[in-house]
Amino acid sequence: MTANAATLREGDFVMLVDERRKQFILKLEAGAELHTHQGILRHNELIGAAWGSRVSTHLGHGFLVLVPTLYDRLLSLRRQSQIIFPKELGYILLHLAVAEGSTVIEAGSGSGALTVALAWAVGPNGRVASYDRRKDLQDLARRNVERFGWGSRVVFHERDIAEGFEERDASALFLDLPDPHVYLSQVRAALRPGSPFGAILPTANQVSDLVQALDDHDFAGIEVSEMLLRFYKPVAARLRPTDRMVAHTGYLVFARPVAEGAARPQDGERAAPDDPAQDDTESD
């Protein structure tokens, strides 16, 4: 359920935040209890409380009751492997044009961060096909998706994608694998021509291999980028950056398969889509 009423109801997902900003995300169930380092919160006492209100444990410690966003949910996932960070996920969803009713393929599943984000984005009428060779990771990804009630939107395949994808005419396809350049023939067979393909890679030499292979397999509109995220201390009188920032976590590569021969290798550097060198307007 979602926060579509003024008060909390059984089945709602809530985020509880204490004065030290420690967070708990849970689904309200009558009779259940949350045991924290600051005391016990009984779900029966939360049900009927107002969103945005303050509730107390049996020891008198306070928590704010907030609506958990997708960002909050992703950070709360149980993980066995490195996840794709939220700073990349938003850009991925936009670039893949994932919307209500989309059919999206991903490989590999990992701990399921992208799987959860895709399941949220495709809605109840869409479908996500998730591939991974490791059963333990797929089981974890499945649990993370089902935790939020989106299990019916995802089909898991424990399978090596070298054998190909079962789906055809997919709306978008994303690879989180160390060697995506090896599987572009399989990608072309599953992805609707002209639709977005993406991948994430940790090192520049892997990106080079993929860019060359994309050229060789008639992909157009190749883009390479990375996301850097910098937080600021929210103190009005002395606003400044925090001491650390979330810098490089991976390179993102996007492209689209086109008709054979329609994509030709480009000489020289590829300009970014918003490179001022591409702007035809005159500057002052």
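Key figures
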read-out: Residue among V224, V182 that is under 19 Å from the mean Cα position of the chain (by Cα) and either open to solvent by 40 Å² or more (accessible area, probe 1.4 Å) or modelled with pLDDT under 95 (or both); value: V224
read-out: R127 being open to solvent by 60 Å² or more (accessible area, probe 1.4 Å) and either modelled with pLDDT under 95 or farther than 21 Å from L191 by Cα (or both); value: no
read-out: Residue ranges of strands (runs of 3 or more DSSP E) in the range 40-123 with at least 1 members within 14 Å of the chain's Cα centre (by Cα); value: 103-107
read-out: Matching option when the condition is open to solvent by less than 50 Å² (accessible area, probe 1.4 Å), closer than 18 Å to S185 by Cα and either without any contact (Cβ under 8 Å) to a residue 40 or more places away in the chain or within 21 Å of the chain's Cα centre (by Cα) (or both), among V246, V211, V253; value: V253
read-out: Among (1) in contact with a Leu (Cβ under 6 Å, 6 or more places away or on another chain); (2) open to solvent by 40 Å² or more (accessible area, probe 1.4 Å), the one test that L173 misses; value: (2)
read-out: Boolean, H35 is open to solvent by 20 Å² or more (accessible area, probe 1.4 Å) and part of a strand (DSSP E or B); value: yes
read-out: Test: residue in the range 87-94 that is within 24 Å of V246 (Cα to Cα), out of contact with any Leu (no Cβ under 8 Å at 6 or more places or on another chain) and either β-branched (V, I, T) or touching a residue at least 40 places away in the same chain (Cβ under 8 Å) (or both); value: no
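Table: residues versus (1) closer than 19 Å to P196 by Cα; (2) surrounded by 18 or more Cβ atoms within 10 Å (Cβ to Cβ).
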residue: R73; (1), (2): no, yes
residue: T103; (1), (2): yes, yes
residue: D139; (1), (2): no, no
residue: G151; (1), (2): no, no
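The values are calculated or read from the model by the stated rules, or taken from the named source; none is laboratory data. Quick caveat, the model's predicted, so the values are computed rather than measured. Backbone-built Cβ (ideal geometry, glycine too); neighbour counts: all protein chains shown. Ligands, DNA and RNA are stripped out before the accessible areas are found, and what is left, the full protein with its side chains, is counted by its heavy atoms. Shrake-Rupley method; radii C 1.70, N 1.55, O 1.52, S 1.80 Å.
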